[in-house]
Structures are given as structure tokens and as C-alpha cells.
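Visitor: Next up is a structure, given as C-alpha cells.
The values are calculated or read from the model by the stated rules, or taken from the named source; none is laboratory data. Bear in mind that the values here come from a model prediction, so they are computed numbers and not experimental data. With ideal geometry, Cβ positions are generated from the backbone for all residues, glycine too; neighbour counts draw on all protein chains shown. Surface accessibility is based on the protein's heavy atoms, side chains included, excluding ligands, DNA and RNA. Shrake-Rupley method; radii C 1.70, N 1.55, O 1.52, S 1.80 Å.
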Amino acid sequence: MLTKIVSAVRDSATRLLRLGLSFADGAPIPMAMVEGSGHIVRYINPAFCQLFDLPKDEILGLRFGDLVPKNDQCLKLLDRVFRTGMPASHTEEEHSTTHPLFWSYTMWPVFVDKRPQGIMIQVTETAELREKTLAMNEALILGSIRQHELTSAADLSNAQLLVEMGERKLAEEALREAQAQLMDRAGQLEGLVIESTAELTATNKQLEAFVYSIAHDLRAPLRSMQAFSTLLMEEAGPALNETAKDYANRINKSAQFMDAMLKDLLAFSCISQQSVGLTPVRLETIIESALSQLEADIQRTNAHVESIGPWPTVLAHEPTLVQVVCNLVNNALKFVRPGVPPFVRLWAEQEKNLIRVWVEDRGLGIASDHQFQIFRLFTRLDGDKYGGTGIGLAIVQKGIERMGGKFGVESIAGEGSRFWFELLTCP
Amino acid sequence: MSQKQTILLVDDSENDLALMRVAFKKAHCSLPLQEVRNGEEAIAYLGGEGLYGDREKFPLPTLVLLDLNMPRRDGFDVLSWVRAQPFLKRLSIIVWTASARKVDIDRAFDLGATSFLVKPTNLETLTAMVACLAEWIKVNQFPSINADKANLYSRTGA
């Protein structure tokens with residue numbers, strides 16, 4: 001930023017200088033401008049070129065000392081002007097030619113905006129001294145007026161630059177301030193995120209404990225209800241008429257049902273809450289576990305269960321996946337057409353890096369309008385008729401989702417259903 | 001009359017205690033049952049404090065069936081306390097609770113539980129379990145526990 005400003009100032013100074021020097025171009029008196037302690041010629045007017053009878057290019061860049069080698073006096077003057085910043089002049093005689101020649105040098109420092117740019121040197125021969133002096137005076141006067149104007153212009157330009165600089169500085173400061181605020185804010189937000197994560201983890205733990213204790217505490221009175229209604233029927237047995245027995249039975253069944261719901265809810269909550277770490281899992285093992293859990297039901301319902309390999313390995317959470325398969329097969333065992341023993345077939349298909357597991361049955365089937373309903377919590381399409389808590393498929397949904405997979409069902413009412421879920425394969 | 005082995009039931013649920021009584025009856029187990037309603041009382045009983053000092057009336061049990069979730073000092077507290085008593089630490093204590101959380105199971109065994117059983121939800125299973133316990137009591141070799149001079153137990157085995 002600063003360098004830009006400096007070069008801008010320098011550019012404007014040069015511009016002004018060139019403006020000022022244009023008056024010297026037209027002057028009849030030889031004039032040159034030198035720069036630095038070495039007095040290097042930076043500018044010469046045509047008159048100067050004529051005097052030394054040399055082309056411009058050959059003079060520019062030379063040290064003035066080289067141009068007038070025998071002239072110590074001139075150089076001493078230049079040094080003095082350079083040092084003091086005060087104009088000076090000098091006349092001397094040269095007797096080298098036929099008629100006497102007087103050389104006159106006048107030098108003055110050139111400032112643009114109080115900055116020294118160099119030294120102006122005016123050279124004249126005495127032969128035409130007087131006329132040239134007059135002309136020179138005029139030029140000088142013009143020059144000083146010009147210079148004054150230029151200085152004012154420079155001052156103005158400078159003032160503008162300063163304002164700009166000031167504004168730019170303010171802008172920079174504002175930017176820095178904004179950046180600092182942003183950093184602060186970012187830090188704050190990070191802190192908040194960490195806090196929130198900690199809170200969330202704590203909340204999750206609390207939720208887990210809460211759900212668990214609710215389920216646990218609710219199951220206690222249910223135990224009593226179940227047991228005592230049974231005992232009631234035993235104790236009062238003969239004294240109870242059919243209606244009374246029926247009532248006692250309903251109490252018993254309700255308690256059993258509520259207990260089953262709580263168990264399933266606990267499982268559902270478990271799947272929802274706990275962190276589900278995915279590892280390579282052999283589907284064969286999963287299927288075996290699930291089927292062995294349902295062994296008793298399979299026997300009781302006289303079901304035909306087929307598990308068709310090969311069974312690849314998938315990326316999953318083992319206990320959750322066992323639960324999912326168990327629930328699907330269990331449903332296949334439950335929702336059967338009257339008089340038709342359950343028929344269940346399981347197999348897997350691979351498509352690129354996805355494994356789709358199918359659980360097919362020849363049971364009741366599900367009408368297409370209901371196919372999305374069944375995955376909802378507590379939804380049992382036929383209510384009490386086929387038992388169950390209405391949580392099984394919700395667990396399937398939650399479980400597969402948490403493992404990052406997809407699931408679905410294809411079914412025709414009255415013919416059977418094919419439930420499927422997809423998981424990533426594991427090489 | 002030889003002293004039969006007493007079983008101490010520690011449970012805050014009146015219903016569960018009642019059910020246990022029924023189950024024991026159904027399992028044809030006639031061992032005397034003592035009941036206390038929370039951990040504080042259990043410690044008082046086992047330590048022979050106050051009323052419980054009367055070992056005729058409140059004999060030291062051969063087996064304790066200990067619930068975990070109780071007010072005023074829970075099952076874990078009782079376990080810790082018992083295992084810290086030089087004269088009681090051999091006592092057989094079976095955790096008998098509705099909770100089956102892994103952390104609870106592990107903790108119970110860390111604190112020296114003899115076994116961990118989950119209260120079944122239906123009466124039939126409860127009865128079967130109690131019958132099993134009764135059989136176990138018959139065959140298990142119990143250690144000697146000298147609470148005080150008036151030692152009222154000894155019998156191990158049938």
C-alpha cells in the first residue's frame with residue numbers, strides 16, 4: 001500500500017517537473033539540469049545542445065564535470081549549490097579563442113514540493129551576454145512564476161494524496177478491526193460448538209438413562225399385574241365365572257403386551273441412542289444368529305425357512321443387524337395367510353459395492369398404500385390380530401438408517417412380501 | 001428342630017416380595033424367608049443392629065437375594081458393605097433385579113456378587129427360577145460365617 005503511494009507521489013513530481021522544464025525548452029539560453037552529488041545531466045534544452053554542439057543523447061547521463069573538464073570553478077559552484085540549496089553564479093574568462101569569451105554560469109536548486117530534484121544550470125557566453133541576460137531574466141521570472149504555480153499544484157495534489165492516504169489508513173484499520181472481530185467470533189463459535197457438543201453428549205446420556213429407567217420402572221408394576229392376574233385366576237378359579245375369568249385374562253394379556261412394548265421400545269431407543277460403529281460383518285453369521293433366536297417360533301409354526309448363499313461380508317453393526325434380520329423373519333413367521341404355514345426365503349444380491357439382502361415370504365402381503373405406514377412406530381395394520389407391538393419395522397428402519405443403508409419392501413396383498421435392505425460391501 | 005437355612009430377601013417392592021413368597025410356595029421350597037425393604041435395613045439386619053440383634057428371631061441368612069434399585073442405600077452399597085466386614089464377607093449374595101444392563105452386571109461382580117439373576121416377567125418363569133434356586137441351595141457347599149457367639153447356622157447341603 002505504502003509503495004503505491006510513494007510512486008504516485010514520485011510520478012506526480014516528475015510530471016510537474018516536466019511541465020516546469022517545458023519552459024526551459026524554448027529558452028534561448030543554454031540550460032541544463034543536473035541531479036545528485038555527481039551532478040549527472042538529466043535535462044538539457046536545445047540551446048544547450050547547440051552551445052556544446054553535441055546531440056542530446058550524448059550529453060544526457062554524463063557528469064557535468066565531464067562536460068566541462070577544465071572547469072574546477074564551475075564544479076565547486078555546483079557542489080556549493082548542492083550542499084547549501086542556495087543559488088549561485090559565476091563568470092569567467094576564456095582566452096582560448098580569438099576574441100575574449102566570458103562564460104557565465106548561474107545555478108539554482110530546483111525543488112518540487114520542497115523536495116530537491118536537481119540543480120538548474122544556465123550557461124551564457126559574454127558575447128551575447130547582455131541580450132541573453134535579459135532573455136534569461138525574463139525566462140527566470142517566468143520560471144519562478146511557473147514554479148510557484150507548480151508548487152501550489154503539487155501542494156494541492158499532495159494534500160489530496162494525504163487525504164487519500166488518511167482514508168486508506170482508516171479503511172485499513174477498519175479492516176484490521178473487522179478481522180480481529182471475526183477471529184474473536186470464530187473463537188467464540190468454536191467454543192460454543194465444543195460446549196454444545198459436550199452438552200449434546202451429556203443430554204444423550206441423560207436421555208439414555210431416562211429411557212432406560214422409565215422402561216425399567218414401568219416393567220415392575222407390569223410384572224405384578226401379569227403375575228397377580230394369573231394368581232387370581234388360580235386362587236379364585238372355581239369361584240370365577242367365565243366372564244370374570246375373561247376379565248382377569250384381559251388384564252393379564254394387557255400387561256404382557258405392555259411389557260413387550262417396553263422391551264421393544266428399549267431396543268428401539270438403544271439403536272437410536274448408542275453410537276453405531278461399523279465393522280466388517282459376515283452376513284452368514286448374522287443370519288444364523290437371527291434364525292437361532294427364532295428357533296422356537298420356527299418350530300412352533302412349522303415354518304419353512306431357506307437361506308440361500310453365498311453370503312458376502314458387509315459394513316455394519318453386528319447386534320443391530322441381527323435385530324433387523326430377526327424382526328424381518330419374525331414378521332414373516334407371524335403375518336401368514338390362514339391355513340398356510342410360513343415360508344421364508346433369504347438371499348443376497350450384489351450391485352457394484354452394495355449388497356442387497358432380501359427376506360421373502362408368502363404371507364399376507366401389504367397393499368401399496370400401506371407400504372410406507374408399516375415402518376412407523378406403533379403402527380399395526382391389523383391391530384391386535386397378529387400380535388406384536390408395532391415397533392419391529394420401526395426398529396428395522398432405524399437400524400438400517402443408522403448403519404447408513406437403505407431399505408424397502410415390494411409386496412402384493414394376498415400373495416406375500418419381499419423386504420430388502422442395502423449395505424456397503426466389505427472386500 | 002434343626003435350623004433351616006434362612007433366605008433374606010432385600011427388595012423395596014412389596015409386590016415383588018409377595019410374588020417371591022408365592023413362587024417359593026409353588027416351588028415347594030419351605031426355607032424360611034426374611035424380608036427387608038431397603039439397603040439400610042439390610043445392613044442393619046446383617047449387622048445385627050437393634051431389633052435385628054435377636055438372632056433367634058432374625059437369623060443370619062445363608063443366602064441373600066438382593067435387589068439393586070432401592071432407596072436409602074442401594075444394592076451396590078450393601079454389597080460393598082458386606083464384603084468389607086471380616087466376619088460377613090463370605091456371605092452368598094445373589095443379585096436379584098429387573099435391570100440387566102451390562103454396566104450393572106459388571107459392577108455387581110466387581111463388588112463381589114455371587115450371582116446375578118434377572119427377575120422374570122411372568123409367574124411361571126419366576127417359579128421355575130425359584131425352584132432352581134432351591135435346588136442350588138441344597139447342593140451348594142456354603143462357607144462358615146461366624147457372626148457372633150450365638151452361631152445359628154451350620155448346615156450345608158441337605
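Visitor: Cross-link candidates for A:K205: which lysines have Cα within less than 24 Å, leaving aside residues fewer than 8 places away along the same chain?
Guide: By straight Cα distance, A:K205 reaches A:K263, A:K398, B:K102.
Visitor: For the range B:7-156, restrict the atom set to alpha-carbon positions and state the Rg and Dmax in Å.
Guide: Reported Rg and Dmax, both Å: 14.5, 42.
Visitor: Now for a separate question. What nm distance separates the two modelled labels at A:L200 and A:A178, each placed 7 Å from Cα along Cα→Cβ?
Guide: Taking the simple label geometry, A:L200 and A:A178 are separated by 3.1 nm.
Visitor: Pull up the cross-link candidates among the lysines for A:K245, meaning alpha carbon to alpha carbon under 20 Å and not fewer than 8 places away within one chain.
Guide: A:K245 reaches A:K253.
Visitor: Still on this structure: Which helices pass in chain B if a helix is a full DSSP H run, must span at least 20 angstrom along its long axis by Cα, and must have mean Kyte-Doolittle hydropathy not below 0.0?
Guide: B:123-139
Visitor: May I ask you to give the solvent-accessible area per residue for the protein assembly as shown, in square angstrom, as obtained with a 1.4 angstrom probe?
Guide: 56
Visitor: B:D106 accessible area, nearest 10 Å², 1.4 Å probe?
Guide: Number for this one is 80 Å².
Visitor: If r is the Cβ-Cβ distance from A:R250 to B:N146 and R0 is 60 Å, what FRET efficiency results, to the nearest 0.05?
Guide: Values: r = 54 Å, r/R0 = 0.89.
So the FRET efficiency works out to roughly 0.65.
Visitor: Can you compute the helix-only [θ] at 222 nm over chain A? Use -39500 (n - 2.57) per DSSP H run of at least 4 residues, normalise by all residues, nearest 500 deg cm²/dmol. Numbers along the way, then the final one.
Guide: Values: 11 runs with 238 residues, N = 427.
Per the formula, -19500 deg cm²/dmol.
Visitor: Further, regarding this structure: Using the Kyte-Doolittle scale, which helices in chain A average at least -0.5 and also have C-alpha atoms spread 30 Å or more along the helix axis, with helices defined as whole DSSP H runs?
Guide: Membrane-span-like by this criterion, though nothing is claimed about a membrane: A:2-25, A:129-236, A:242-273.
Visitor: Next question, about the same structure. Mind listing P(r) for chain A? All alpha-carbon pairs, 20 Å bins, whole percents.
Guide: Here the calculated profile for chain A is 18, 25, 10, 8, 14, 17, 7, 1, 0.
Visitor: Ok, one more. Net charge around B:K57, counting only other residues with Cβ within less than 14 Å of its Cβ (Lys, Arg = +1; Asp, Glu = -1)? Present the calculation step by step, with values, prior to reporting the outcome.
Guide: Values: positive: B:R55; negative: B:E35, B:E49, B:D54, B:E56.
Local net charge: -3.
Visitor: For an R0 of 41 angstrom, estimate the FRET efficiency from the Cβ-Cβ distance between A:Q371 and A:E318 and round to the nearest 0.05.
Guide: After rounding, the FRET efficiency stands at 0.90.
Visitor: While we're on this one: Over the alpha-carbon set of the range A:274-424, divide Rg by the Kirkwood Rh and report the Rg/Rh ratio to two decimals.
Guide: Rg divided by Rh gives 0.94.
Visitor: Another question about this same structure. Accessible area, 1.4 Å probe, largest first: how do B:V139, A:V211 sort?
Guide: So, going from the largest accessible area down, we get B:V139, A:V211.
Visitor: Ignoring solvent entirely, what values of log10 I(q)/I(0) come out of the Debye formula for the range A:285-351 at 0.15, 0.23 Å⁻¹ when each Cα is a single scatterer?
Guide: Calculated log10 I(q)/I(0) at the listed q: -0.49, -1.02.
Visitor: With every protein chain in place, what's the accessible area of A:E351 (1.4 Å probe, Å², nearest 10)?
Guide: The value for A:E351 is about 130 Å².
Visitor: Which aspartates and glutamates have a Cα less than 18 Å from the Cα of B:K57, not counting those fewer than 8 places away in the same chain?
Guide: Partners within reach: B:E35, B:E41, B:E49, B:D148.
Visitor: If you don't mind, another one. Arrange the residues A:K245, A:K114 by how much accessible surface each exposes, largest first, with a 1.4 angstrom probe.
Guide: A:K114, A:K245
Visitor: How big is the accessible area of A:D382 in square angstrom, nearest 10, if you roll a 1.4 angstrom probe over the protein chains?
Guide: A:D382 has an accessible surface of roughly 80 Å² with all protein chains in place.
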